[in-house]
Structure formats: C-alpha cells, structure tokens
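Q: I am attaching a structure below and will ask some questions about it afterwards.
The values are calculated or read from the model by the stated rules, or taken from the named source; none is laboratory data. Bear in mind that the values here come from a model prediction, so they are computed numbers and not experimental data. Ideal geometry is used to build each Cβ from the backbone, glycine not excepted, and the neighbour counts take in all protein chains shown. Heads up: the accessible areas ignore ligands, DNA and RNA and are worked out on the full protein's heavy atoms, side chains in. Shrake-Rupley method; radii C 1.70, N 1.55, O 1.52, S 1.80 Å.
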Amino acid sequence: MKLKVLPIVLTAVVSAVLLFGGWFIYRQVAVQSPIEKMVTQYDGVNSVQLTINRNDVQMKLDLKPNVDLGRLVQYIHREGQNLIGSRALKLDVVDHSNEALENWWGDAMFTVAQAMENKQYAEITPTLSKMATGGIQVNTAMDDNNVYVSLRDGEASKFIILPRVPGQIGVWPNA
C-alpha cells in the first residue's frame with residue numbers, strides 16, 4: 001500500500017490548526033475576556049493586559065491614583081477564583097509617579113524593609129502614616145502573599161507590592 005504524502009500532510013495541518021485554534025479561542029473567550037471584563041469593571045482601573053500561562057496569570061494594571069490596591073487584589077481573588085483557578089496571580093502596576101513620591105519612597109524604604117525583614121508588618125502602616133507629609137497620602141494593605149503600599153500625591157501615584165516570602169523581599173519595584 002502506497003501512502004500519499006499530500007493528504008497526510010493536509011490532514012496533519014488541518015488537525016493542528018483546529019486543535020491550536022480551538023485552544024486559543026477557548027482561552028480567549030472562556031478565560032481571558034471574562035477576567036479582563038471583571039477587572040476593568042472595578043472602579044479606578046483604567047486598563048489591564050493579561051498573560052495567562054499554565055502556572056500563573058500575569059496582569060499589567062493601569063490604575064487611577066485613588067485605587068485601594070489591596071481591595072482590588074481581594075476583589076480579583078474573590079470574583080476571579082473560578083477563572084484563575086490554582087494559578088498564581090502576578091501583578092505589575094504601571095507607574096504614574098512623580099519626583100516627590102520617588103523621593104518620599106526613597107526615604108521610607110529603609111523603615112519598610114526593616115519591618116518586612118523582622119516580620120513586623122503592623123509597624124508599616126503607622127510608620128508610613130507618620131512620615132506622610134506635604135500632601136502625600138499613604139494606604140497599606142496585606143494578604144497572605146504580599147504587602148501593598150499605595151502612595152498618592154495629587155494626580156501622581158505609586159503602587160508598591162512587597163512579597164512576604166523570606167528571601168524574596170525587595171522594597172524596590174521589580175526587585
């Protein structure tokens with residue numbers, strides 16, 4: 001029996017296109033779009049860009065200055081649990097900082113790093129609140145994985161996510 005190459009190749013190509021195309025459409029329609037819609041409906045979220053992998057969901061968020069990052073993360077975990085499943089949630093927040101916020105955070109970093117290293121998380125909020133001067137507003141929150149620090153100076157904002165895992169601590173963004 002002689003096999004014909006063209007029908008075999010065409011069958012393989014059509015099968016691959018259907019399989020991978022179907023998987024792409026499923027992921028887009030059943031997972032990615034609902035997560036994007038859920039997050040953008042949250043008050044204060046300008047936009048979200050998603051990357052969904054086997055083990056994690058990466059979100060690049062563009063937020064308005066008045067957003068409570070801790071509550072947003074709680075909302076994403078609560079409302080998106082069925083869509084995210086067991087994947088880890090990794091957030092990256094677009095920086096809309098100004099020089100005053102950068103200088104203020106530079107002064108506050110040592111105190112926050114010390115509290116994080118000593119696992120004295122309760123010290124972070126009162127310490128940062130005492131340091132907040134010149135119109136800078138500070139909001140902090142914490143969950144099982146991270147400490148969230150939101151800084152606001154008028155229309156400028158800076159959001160810092162500090163991991164609570166020992167050895168991975170870093171008070172510099174993307175550290």
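Q: Hey, can you tell me all the residues within region 119-153 that are open to solvent by 60 Å² or more (accessible area, probe 1.4 Å) and among the β-branched types (Val, Ile, Thr)?
A: Within region 119-153, Thr125, Thr133 qualify.
Q: Search region 115-144 for residues that are without any contact (Cβ under 8 Å) to a residue 40 or more places away in the chain and over 23 Å from Asn98 (Cβ atoms) and pair each with any residue that is among the acidic types (Asp, Glu) and in a helix (DSSP H, G or I) when their beta-carbon atoms are under 7 Å apart and the residues are at least 6 apart or on different chains.
A: Cβ pairs passing all conditions: Ala115/Glu123.
Q: Also, quick follow-up: Considering only residues that are in contact with a Leu (Cβ under 9 Å, 6 or more places away or on another chain) and in a helix (DSSP H, G or I), which ones fall in region 91-109?
A: Selection gives Leu101, Trp104, Trp105, Ala108.
Q: Determine which single condition Ile25 fails, assuming it passes every other condition in (1) open to solvent by 40 Å² or more (accessible area, probe 1.4 Å); (2) within 29 Å of Ala156 (Cα to Cα).
A: (2)
Q: Can you pull out the residues in region 76-90 that are outside any loop (DSSP other than H, G, I, E, B) and open to solvent by less than 40 Å² (accessible area, probe 1.4 Å)?
A: Ile76, Ile84, Leu89
Q: Right, next: Taking region 55-65 only, how many residues are assigned to a loop (DSSP other than H, G, I, E, B) and surrounded by fewer than 17 Cβ atoms within 10 Å (Cβ to Cβ)?
A: Number satisfying all stated conditions: 2.
Q: Exactly one condition in (1) without any contact (Cβ under 8 Å) to a residue 40 or more places away in the chain; (2) open to solvent by 30 Å² or more (accessible area, probe 1.4 Å) is not met by Asp68; state its number.
A: Of everything listed in (1) without any contact (Cβ under 8 Å) to a residue 40 or more places away in the chain; (2) open to solvent by 30 Å² or more (accessible area, probe 1.4 Å), Asp68 misses just condition (1).
Q: Just one of (1) modelled with pLDDT under 90; (2) outside the structural domain of Leu162 (by the TED database); (3) β-branched (Val, Ile, Thr); (4) closer than 13 Å to Leu151 by Cα trips up Val67, so point out which.
A: (1)
Q: Take region 31-52 and flag every residue that is in a helix (DSSP H, G or I) and exposed (fewer than 11 other Cβ atoms within 10 Å of the Cβ).
A: Lys37
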